[in-house]
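This report refers to the structure that appears directly beneath it.
The values are calculated or read from the model by the stated rules, or taken from the named source; none is laboratory data. Note that the structure is a prediction, hence the values are computed from the model and not measured. So basically every Cβ, Gly included, is an ideal-geometry build from the backbone, and we count neighbours across all protein chains shown. Quick note on the areas: whole protein, heavy atoms, side chains included, nothing else; ligands and nucleic acids left out. Shrake-Rupley method; radii C 1.70, N 1.55, O 1.52, S 1.80 Å.
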Amino acid sequence: NMQLSIQPGKADLQECRASMQGLRIEAKGTHVRMAAPATASANVTAKSDAQKKGIFDDVDLDWLKSVNEWLRFQPEKDEPVLKVEFHSRPDRAGVDLAATLEGRRFSWRGQKWDLIQAAVKTSFGNKNSPVEIEHVRIGHKGQTGEIVARYEPARDVLRISKLDSGIDVLALARAL
């Protein structure tokens, strides 16, 4: 189910709902393309450049392959929900993205987990943009844990600024 409004220089995804492998996905956002230069020859160049490059051309999702292999949601009445919202950056040099995930009863790397609530933000257009992990709350065997962190892909570093957990340390370490 999708409502998409396309106007010259602007695409507005008002609503998008999909289901994939037991995960409900809801997305919305706006992408604005920069206006072309005023000269006729520049317009031709700008159009050919625009046709060669899409808004997600710089997005590298190869790291999601392992997530697909390791994550399995258990069949249940309320499927997990991934909500995604995106907007063109004010400088039009990329797209800001915010995502949340909520779900219950899932398997991660072979371990059974009770719940997950997560919120992250990042920008596309620069492959080295950090990923702000605003919060991840997880439940395992009746215990919960919470993490706040920042992932810096340029240095392949995860900086954890908050870790509060009642979950067994070995189970948590294996999950990370």
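Is it true that residue 46 is surrounded by 10 or more Cβ atoms within 10 Å (Cβ to Cβ), at pLDDT below 85, out of contact with any Ser or Thr (no Cβ under 6 Å at 6 or more places or on another chain) and over 18 Å from residue 126 (Cα atoms)?
Details: surrounded by 10 or more Cβ atoms within 10 Å (Cβ to Cβ): yes; at pLDDT below 85: yes; out of contact with any Ser or Thr (no Cβ under 6 Å at 6 or more places or on another chain): yes; over 18 Å from residue 126 (Cα atoms): yes.
In short, yes.
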With (1) open to solvent by less than 40 Å² (accessible area, probe 1.4 Å); (2) at pLDDT below 80; (3) at positive phi as the list, and residue 92 as the residue in question, which single condition is left unmet?
(1)
Every pair of residues 6+ apart whose Cβ atoms lie under 7 Å, when the first sits in segment 150-176 and is in a helix (DSSP H, G or I) while the second is among the charged types (D, E, K, R)
174/109; 175/109
In segment 129-149, residue surrounded by the fewest Cβ atoms within 10 Å (Cβ to Cβ) [restricted to those that are assigned to a loop (DSSP other than H, G, I, E, B) and in contact with a Lys or Arg (Cβ under 9 Å, 6 or more places away or on another chain)]:
141
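Among the candidates 71, 170, 82, 61, single out the residue that is touching a Leu at 6+ places or on another chain (Cβ under 7 Å) and modelled with pLDDT under 90. Talk me through it step by step, then tell me what you get.
Numbers: 71 fails: touching a Leu at 6+ places or on another chain (Cβ under 7 Å); 170 fails: touching a Leu at 6+ places or on another chain (Cβ under 7 Å); 61 fails: touching a Leu at 6+ places or on another chain (Cβ under 7 Å).
Only one candidate qualifies: 82.
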